[in-house]
Amino acid sequence: MIASIINSSLALARRSIVMQIKQHALGYAWTLIIPMLYAGCYIFVKRQLNGEATHTVEGSWDVLRAFAGITLFQCWMHMVQETSEFIRRNRGLLKGMNVGPVPFVLAVAFEGVIALVIRVVLILIAVPVLGLTLPTDISSWLWFFCSLIALLISATMLGLLLAPWAVLYADVRKGLSSISLPMILISPIFYAALEQKSGALFWVNVFNPIASPLAVISRSLHGEASVYMLPMLIAMGVSLLVLCWLIKSLSRQVPILLERMGN
């Protein structure tokens, strides 16, 4: 049974990737193009405001943080959107398959992992290109990859949480698109995360599902610890528990939702 679910998930993920490549002339090159546009605009504005300050080491870290943040945020948001839409997009297949919604959720997760690996490679390549050095201690790399796992879990959990509502209300899809820019602005992408446990912005970042992982990633690449490590671990544990509950609930909800869609 497990092998059948995994094989079905891989087949669905491969089908989705092939469709994306066929629909877009540049294929997965958009993984690099869009973050580069954001980072390029950020570099231009920062240089105009600060003169030559961006040529310093600290300026290079600012550029890397912006590039990594936008890159990972787009991957995270794409996973949330794809997971929330999997029932509507795979309506026919869900009616024809008897394995339930799990393979479709895993397919989005597998595709998300591939997209995340591409982005991580680009981020690691950008480090020496900007004249910076990668951390040498194992703990920094452990926290780095733990943060990536936290992003995957939170994106899948939020997507599944919204999936039933996305079937019933088109406003969910509209809302996710509208909230992207506010989340980019409030997350520690174009600014360094506050490491002091005071102020409203600190607590906003604690409860922001993407802020803690991004803050930990930024500090890990510096080879330093972050106060957001514990909040990230707590959020990851809670997200994992909610994710398991949502998967069980969806198995009962999907037939009802498909019936509602038919009407």
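The values are calculated or read from the model by the stated rules, or taken from the named source; none is laboratory data. This is a predicted model, so every value here is computed, not measured. All Cβ positions, even for glycine, are placed from backbone atoms using ideal geometry, and neighbour counts span all protein chains on display. Only protein heavy atoms, including side chains, enter the accessible area calculation; ligands, DNA and RNA are left aside. Shrake-Rupley method; radii C 1.70, N 1.55, O 1.52, S 1.80 Å.
Of note:
- Integer Hz, Karplus 6.51/-1.76/1.60 couplings in order for region 187-193, x for Gly and Pro: 7, x, 10, 9, 9, 6, 4
- Global form of region 101-211, assessed from the alpha-carbon gyration tensor, a/c cut-off 1.5: oblate
- For the residues 173, 65, 252, a 1.4 Å probe over the protein chains yields an accessible-area ranking, largest first, of 252, 173, 65.
- Model label zone, residue 121; criterion: amide N under 11 Å from point 7 Å along Cα-to-beta-carbon; scope region 62-88: none
- A simple spin-label model places pseudo-atoms 7 Å from Cα toward Cβ; at residue 89 and residue 145 they are separated by 2.8 nm.
- Across region 222-234, computed HN-Hα scalar couplings (Karplus, 6.51 cos²θ - 1.76 cosθ + 1.60, θ = phi - 60°) run 6, x, 10, 7, 9, 6, 8, 5, 5, x, 5, 5, 5 Hz from first to last residue, x flagging Gly and Pro.
- Order by protection proxy (mean Cβ within 10 Å, highest first), peptides 129-135, 208-214: 208-214, 129-135
- Separation of the residue 132 and residue 165 label points, Cα + 7 Å toward Cβ, nm: 3.5
- Sequentially through region 122-139, phi angles give Karplus couplings (6.51, -1.76, 1.60; θ = phi - 60°) of 5, 5, 5, 5, 5, 4, x, 4, 7, x, 9, 10, 7, x, 10, 8, 5, 4 Hz, Gly and Pro residues having no value and appearing as x.
- Accessible area of region 106-185 divided out per residue, in Å², using a probe of 1.4 angstrom: 49
- Between residue 225 and residue 207, the modelled label-to-label distance comes to 2.7 nm, taking each label 7 Å out from Cα in the direction of the beta carbon.
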